[in-house]
Amino acid sequence: MILRKSLIGLAIAAIAAIGAVGGVHYWRHDAQPRIDPDDKMQVAQGQGVYGAQCARCHGSNLEGQPNWQDRLANGRLPAPPHDDSGHTWHHPDEILFGIVKDGLVPPYAPAGYQSDMPAFRSMLGDDDIRAVLAFIESRWSPEVRKTRRQMLDQQGSGRR
């Protein structure tokens, strides 16, 4: 009888432990912060970060620098727009996140690529980076957002 109760107790403890580990893993997966252009709080946070960190180069209205596709005398490109007229929306969230966090280095640009885009790893936390991307995405037209969603679905790229 004591042995049976001990075995039942061990079985219950084992099931609880497996459930707890599985539950923690599941919880962590679901708790992964996302870039959500429809989340008003995240967008508001991102607007502040964008104004403080990005607008001086990319423009207060996401318009980028003039002639952004033409190389400067130093061989670098001006800051591109992040509005509908640019190419930002062509990239999946995980690529945009990586570029903001690490700069234009491999795998986001060829080795040795010269850019004025800084890596924000030491200046912004991951939540701030996601928020600024949510702000940028929130400013895209419904048509661009729909086209982007279709394009990323075809590529198999998910949201971060």
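Laboratory data are not the source of any read-out in this text; all were calculated from the coordinates shown. Please read these numbers as outputs of a predicted model, since none were measured by experiment. In this analysis, Cβ positions are derived from the backbone assuming ideal geometry, glycine residues included, and neighbour counts consider all displayed protein chains.
Laid out as a table, the results:
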item: Summed residue charge, Cβ within 11 Å of His82's Cβ, Lys/Arg positive, Asp/Glu negative; result: -3
item: Rounded, prolate or oblate (a/c below 1.5 giving rounded, otherwise prolate when a/b exceeds b/c) for the stretch 64-104 by Cα gyration tensor; result: oblate
item: Inter-label distance, nm, simple model (7 Å from Cα along the C-beta direction), Asp116/Ser141; result: 2.8 nm
item: Separation of alpha-carbon centers, the stretch 104-127 and the stretch 41-96, rounded to whole Å; result: 13 Å
item: Ordering of 87-93, 42-48 by burial proxy (mean other Cβ atoms within 10 Å per residue, highest first); result: 42-48, 87-93
item: Pairwise label distance in nanometres, Glu94 with Asn61, each label 7 Å out on the Cα-Cβ vector; result: 3.6 nm
item: Cβ crowding within 10 Å averaged over residues, with 58-70, 130-142, 110-122, 94-106 ranked highest first; result: 130-142, 94-106, 58-70, 110-122
item: Three-way shape label, the stretch 108-152, alpha-carbon gyration tensor, a/c 1.5; result: oblate
item: Integer Hz, Karplus 6.51/-1.76/1.60 couplings in order for the stretch 141-153, x for Gly and Pro; result: 5, x, 5, 5, 4, 5, 4, 4, 4, 5, 4, 5, 4
item: Zone of Asp127's modelled label, taken as backbone nitrogen in the stretch 40-78 under 17 Å from a point 7 Å along Cα→Cβ; result: 40-50
item: Neighbourhood net charge (15 Å Cβ-Cβ; Lys/Arg +1, Asp/Glu -1) for Glu63; result: 0
item: Length added when fully stretched, Asp70-Lys40, from 0.36 nm per residue minus Cα-Cα; result: 7.3 nm
